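Worksheet: one structure, shown below.
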Amino acid sequence: MKKIILIIVLFFPIMVNARSVTVMDMDTKRVIYEENQKDVRLIASISKIMTTLVTLKNANIKDEITITDSVLKSYGSGIYVSVGEKISLENLLYGLMLRSGNDAAIQIAEYVAGSMEGFAELMNETAQSIGMKSTKFINSSGLEDSDGNGNMSTSYDMALLMSEAMKNKTFKTIVGTKEKTVKTNMKTYVWYNKNRLLKEYDYCTGGKTGFTEKARRTLVTTATKDNMNLVIVTLNDPNDFSNHKSLYEKYFKLYKSYKIIDKNKLDLGNKDYYIKEDVHLTLTKDEYKNIKTEVNLYEQNVSDVVGVYNIKLNNKIIKSEYIFKKQVKKQEPKEKNLFQKIIDFFKNL
């Protein structure tokens, strides 16, 4: 009976009623499942993933901030900071990501870039650098303006963003925090993460929720199991938490992490050539059988990078690693002792 249930889970499609879905391997950015992943839609508060990443890249999060009256323009979800309250930028990021504080989003944008317009420019510049080709940000919160315009993206682009953001240790710590207590000069806050999967699914490592009346429910989550790191993005999905969990369970069963490169057992034709890290790839059994590798050495190089090791699936490169050459350290001349110095002195007379 268990075998029959397993076959049903693996080979029958999960009925995900989201308007757009992407399941991506975070390590290679390879999409392993999608529905309408290139559809451009309103994304609501999952925009705050970019807000946090931009802040981490452009400011010292240990800075203490005095809350200004700009936060009085906030509406919707908030952490309810008060004008004149002193709080660290780091704790504002916790309030932003755990409680989706729109007041925190406004204050962060003002502090980091001086204005919402300036901060949105930083967001769009970062999006371009990541390869988010169908994304445009107009603010740090994800709320729509009075004309109904808001931050626009695709589930594919947001999966790229989350894959990039999770490389940042501080970001990963913040989004993986279930509960945070913060004390300021005025108040004590206890914040619980709105991402229910952190409590309901053992393998969940982070994520961000979102909702507006126009965008409906949006959700980004990440999970790690047996060395596999997946991110799921759903846009306009009324059953998002349930669907994310079902998709993780399906693809963690269908896929396995295979070690493709063992850095200590790799023959690159020269004992001085090496690759820095082992490489694991998330693949099905059939995909693993079709994996091929190739070594491309540069004819000339002006650095310690001498080539690239490509891993291909169905003749398409899905992962590349630089090949390095060991650098021979120049030995510093030994300090001469007094006797040698005296001999050298008389030789030079």
If each of LYS172 and ASN301 carries a label point 7 Å out from its Cα toward its Cβ, how far apart are those two points in nm?
2.7
Measure nothing fancy, just the Cα-based angle from helix 338-347's long axis to the longest principal axis of the chain, in degrees from 0 to 90, nearest 10.
50
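Cut-off is 10 Å between beta-carbons; in what order do ILE232, ILE138, ILE61 appear when sorted fewest neighbours first?
Working: ILE232 28, ILE138 19, ILE61 16.
Final ranking by Cβ density, sparse to dense: ILE61, ILE138, ILE232.
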Toward the positive end of the charge dipole of segment 43-199, about the Cα centre and with charges on Cβ (Lys, Arg +1; Asp, Glu -1), which of ILE65, ILE79, THR173 goes farthest?
THR173
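Please find the FRET efficiency linking GLU35 to ASP202, where r is the Cβ-Cβ separation and R0 is fixed at 22 Å, and quote it to the nearest 0.05.
It comes out at approximately 0.25.
Counting Lys and Arg as +1 and Asp and Glu as -1, each charge on the Cβ, what is the dipole of segment 14-254 about the Cα centre in debye, to the nearest 20? Let's see the in-between values first.
Values: 31 positive and 28 negative charges, 136 e Å.
Here the size comes out at about 660 debye.
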Most exposed to least, judged by fewest other Cβ atoms within 10 Å, LEU53, LEU72 sort to LEU72, LEU53
GNM on the chain, Cα springs under 10 Å; top mean-square fluctuation among ASN236, ASN301, ASN337 goes to ASN337
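Please report the antiparallel percentage of the DSSP beta bridges confined to the chain, to the nearest 5. Numbers along the way, then the final one.
Values: 60 of 60 bridges.
Taking every DSSP beta bridge with both residues in the chain, the antiparallel ones total about 100 percent.
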State which entries of LYS178/LYS253; LYS263/LYS326; LYS265/LYS285; LYS29/LYS62; LYS167/LYS225 exceed 20 angstrom in Cα-Cα distance in the structure shown.
LYS178/LYS253; LYS265/LYS285; LYS29/LYS62
Extension gain, ASN337 back to ASN310 (0.36 nm per residue minus Cα-Cα distance, nm):
4.5 nm
Please list, in order along segment 163-176, the HN-Hα scalar couplings obtained from phi with the Karplus expression 6.51 cos²θ - 1.76 cosθ + 1.60 (θ = phi - 60°), rounded to whole Hz, x for Gly and Pro.
4, 6, 5, 5, 6, 7, 4, 5, 4, 4, 5, 4, 6, x
Pull out a ≥ b ≥ c, the square roots of the eigenvalues of the alpha-carbon gyration tensor of segment 74-142, then state rounded if a/c is under 1.5, prolate if not and a/b is larger than b/c, and oblate in the remaining case.
prolate
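Would you mind classifying the chain by shape? Square roots of the alpha carbon gyration tensor eigenvalues, ordered a ≥ b ≥ c; an a/c under 1.5 is rounded, otherwise it is prolate if a/b is larger than b/c and oblate if not.
Values: a/c = 2.34, a/b = 1.29, b/c = 1.81.
Oblate.
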Can you sort GLU164, GLU299 from fewest to most other Cβ atoms within 10 Å of each residue's own Cβ?
GLU299, GLU164
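Since every read-out is calculated from the coordinates, none of them should be taken as a lab result. From a predicted model like this one, the values you see are computed outputs, not experimental measurements. Backbone-built Cβ (ideal geometry, glycine too); neighbour counts: all protein chains shown.
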